[in-house]
1. Please tell me if Thr255 is of a type in the set (S, T, N, Q) and open to solvent by 20 Å² or more (accessible area, probe 1.4 Å).
2. I'm trying to understand the selection: among the residues of region 112-138, which are closer than 19 Å to Leu202 by Cβ and open to solvent by 10 Å² or more (accessible area, probe 1.4 Å)?
3. Of all residues in region 30-62, which are touching a strand residue (DSSP E or B) at 6+ places or on another chain (Cβ under 7 Å) and either farther than 14 Å from Leu87 by Cα or open to solvent by 20 Å² or more (accessible area, probe 1.4 Å) (or both)?
4. Which of (1) closer than 19 Å to Gly125 by Cβ; (2) assigned to a helix (DSSP H, G or I); (3) in contact with a Gly (Cβ under 8 Å, 6 or more places away or on another chain) is the odd one out, the single condition Glu204 does not satisfy?
5. With Thr49, Thr36 as the choices, which residue is within 22 Å of Ala287 (Cβ to Cβ) and polar (S, T, N, Q)?
6. Any idea how many residues of region 92-111 are farther than 24 Å from Gly151 by Cα, part of a strand (DSSP E or B) and either of a type outside the set (Val, Ile, Thr) or open to solvent by 20 Å² or more (accessible area, probe 1.4 Å) (or both)?
7. Give me the residue from region 267-291 that is among the charged types (D, E, K, R) and on the phi > 0 side of the Ramachandran plot and, out of that set, modelled with the lowest pLDDT.
8. Do any strands (runs of 3 or more DSSP E) entirely within region 1-51 hold 2 or more residues that are touching a Lys or Arg at 6+ places or on another chain (Cβ under 7 Å), and if so, which?
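The values are calculated or read from the model by the stated rules, or taken from the named source; none is laboratory data. From a predicted model like this one, the values you see are computed outputs, not experimental measurements. Counting neighbours? That spans all protein chains shown, and the Cβs are built from the backbone with ideal geometry, glycine included. Ligands, DNA and RNA are excluded from the accessible area calculation, which covers all protein heavy atoms including side chains. Shrake-Rupley method; radii C 1.70, N 1.55, O 1.52, S 1.80 Å.
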Amino acid sequence: MTALPALHLGAPTQAGPLTVFPVWTDAPIAPAACRTSLPADARIDELPTPVVGTLRVSNPGGTPLLLLEGALLDGGWQHRVVTRSVLVDAQGQRDVQVACVEQNRWAGGKIQHLARHRAPLAVRGALHGLRAETPGRGTEVDQSDVWRRVGRYERDLGTSPTASLVDLQNRQAAELAAILSTTRPLYGQRGVLIGAAGHPVLLEVFDDPQTLVEQWDSLLSAAALDARLAPPQPTPGRRARAFVQRLTAAPVRSTSMGGRAIALDADADKLLSARGIALGNRLLHLAAVNAKHQFVLAA
């Protein structure tokens, strides 16, 4: 895959502090190629000797499993976050790279579960290697930077006994659900661009509209966790369109992830960082963050 599909931006709605733009693509409509919910027969396990940065995923079913960048995992020896989207083939097993979002626990059971939430914007910035104090971005996730950003939420939201981001987000679930109750995906919509504090901050696109429906609440509530502390400043359409234009014009780098999946990376003038995953020419998931946004940089 050498280029991204064309992205078409719709008219926005305001959901509390978020400006929500629907996104459609020109990719052909086809049956879903994978699932993002964890089937009953799939497992996410600690390694036989647990390691902070790696979990083992087994998918004995007949449908590939897509674990999304920013997906939070609950259980095991500590809560984790998936560092970038990864595909586990049907009847396959794969070791998946993760980062810790629960600093004060290193004990427990073997099994991990997909949590209800996705990681908020500051943690997503850490996954992309974006930092206010250092230009550019790194190729590896800095675990100390992830912990620093989780600590920022603790200062804002109150502490957790084990400094767990999952626990902090669970405590905010009802408040965030009330903020987002006014907006839902439109027919055929495959993506969303979220604006906060007057600027685009996050765009995510999926290959299937139903996947967006499944991810909608967790995706928007994660962004609202940051934005609720900022003035509810709408994001102008011209800024949203400029963000999409930079993204679609950026050169895309493709590398094999093993198996059939292809990793996609793109950036534009250090203003955005985009990562995705494809099967051949079919884009499964794309996530682009505003590399200069105050929420992403945790500045």
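1. For Thr255, the condition - of a type in the set (S, T, N, Q) and open to solvent by 20 Å² or more (accessible area, probe 1.4 Å) - is met.
2. Ala115, Arg116, His117, Gly129, Arg131, Ala132, Arg137, listed by residue number.
3. Those that are touching a strand residue (DSSP E or B) at 6+ places or on another chain (Cβ under 7 Å) and either farther than 14 Å from Leu87 by Cα or open to solvent by 20 Å² or more (accessible area, probe 1.4 Å) (or both): Ala33, Arg35, Leu38, Arg43, Asp45, Glu46, Leu47, Val52, Gly53, Thr54, Arg56, Ser58.
4. So the condition that Glu204 fails would be (2).
5. Step by step, each of Thr49, Thr36 is checked, and only Thr36 is within 22 Å of Ala287 (Cβ to Cβ) and polar (S, T, N, Q).
6. Adding up the residues that qualify gives 5.
7. Asp269
8. Those strands (runs of 3 or more DSSP E) span 18-25.
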